[in-house]
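Quick notes on the structure that follows.
No lab work stands behind these numbers, since they all come straight from the coordinates. Bear in mind that the values here come from a model prediction, so they are computed numbers and not experimental data. A quick note on method: Cβ atoms are made from the backbone with ideal geometry, for glycine too, and the neighbour counts reach across all protein chains shown.
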Amino acid sequence: MSEKKVAIITGASSGIGEAAAKSLAATSCIVVLAARREERLKELVKEIEMSGGEALYCVTDVTKNSEVETLIKLAVDTYGKVDILINSAGIMPHSPLKDQRIQDWDNMIDINIKGTLYGIGAVLPYMNEQKSGHIINISSVAGHYAHAGGAVYSATKWAVRAISESLREEVAQDDTNIRVSIVSPGAINTELLSSITDPEIRENNAKFYENFGISVERVASAIQQIVDVPADTAWNEVIIRPTKQVR
Ligand code: NDP
């Protein structure tokens, strides 16, 4: 079995997931990359391998529990263990509630909440058996503050924090050595705004990100530090945002 840690990352085809994958693959981990866009994942595996790292991809839609289970099983069957799961897959189609963008609401609930839950559910049996593991869930500053136009997104990110804290208590009570961390970023320059379906709202958000957004490598570096902490210690929550961002 590899000395390196095995890290499964959802949302690895872009943004925070991709940057975390590159960072972890360059240091201490074999990475197993999950998302829907296969070409992106293939390219990333190539890039990581060219830099001397080890990576595998599995096309996965996190809204489908069976696909998430297949992803986790593939990692364990291939490498014999799973040390880290990063639930980064997410979307942020902001809109005021009065617009009744029901499909956006459903998608956010399915991807941001249920996708995270499916990841946790699928990986726990293996981590419990190993008596070790680290689950890192990506929430948001919006999981701490609600604002007009962001009701459903904030609700999903609040849910990620609630799920993470309950999970942390459960695995601590069960004496499993499993660590749980929440990463709550502020405005980070990624492809996230492309999930906003209302063009005007997308443009307004783009202006905010142009003024305030910081590089995705900042979040990858925080995740790297969270992973590198000795196993008897867990960074349970990190808020990381641009210095100039008020909320
Ligand atoms: P990106 O849009 O760059 O990345 C989102 C990732 O999620 C993509 O890899 C996408 O891959 C994946 N994804 C979306 N839907 C699914 C699905 N159904 N199944 C599997 N994968 C899916 O955005 P970020 O990197 O910024 O977002 C990552 C996380 O960070 C999200 O949870 C987001 O809410 C959170 N976040 C981001 C902030 C920011 O400012 N950027 C701030 C706070 C939190 P694909 O389309 O190939 O499936």
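Observations
- Pairs exceeding a 32 Å alpha-carbon distance, out of Lys42/Lys244; Lys5/Lys64; Lys5/Lys207; Lys22/Lys64; Lys42/Lys81: Lys42/Lys244; Lys5/Lys207.
- Taking 4 °C and 1.567 mPa s as conditions, the chain diffuses translationally at an estimated 72 µm²/s according to Stokes-Einstein applied to its Kirkwood radius (Cα pairs).
- Three semi-axes of the equivalent ellipsoid, region 1-69, Cα gyration tensor, whole Å, largest first: 19, 13, 10
- Gyration tensor (alpha-carbon) shape descriptor, region 207-247, a/c threshold 1.5: prolate
- Global form of region 30-177, assessed from the alpha-carbon gyration tensor, a/c cut-off 1.5: oblate
- Cα shape, region 94-153, gyration tensor, a/c 1.5 rule: oblate
- For region 145-247, the set of GluC sites (Glu not before Pro) satisfying both a DSSP loop assignment and a count of at most 16 other C-beta atoms within 10 Å is given as Glu191.
- Between the helical axis of 151-173 and the longest alpha-carbon principal axis of the chain there is an angle of about 30 degrees.
- Arranged from fewest to most other beta-carbon atoms within 10 Å of their beta carbon, Tyr145, Tyr57 become Tyr145, Tyr57.
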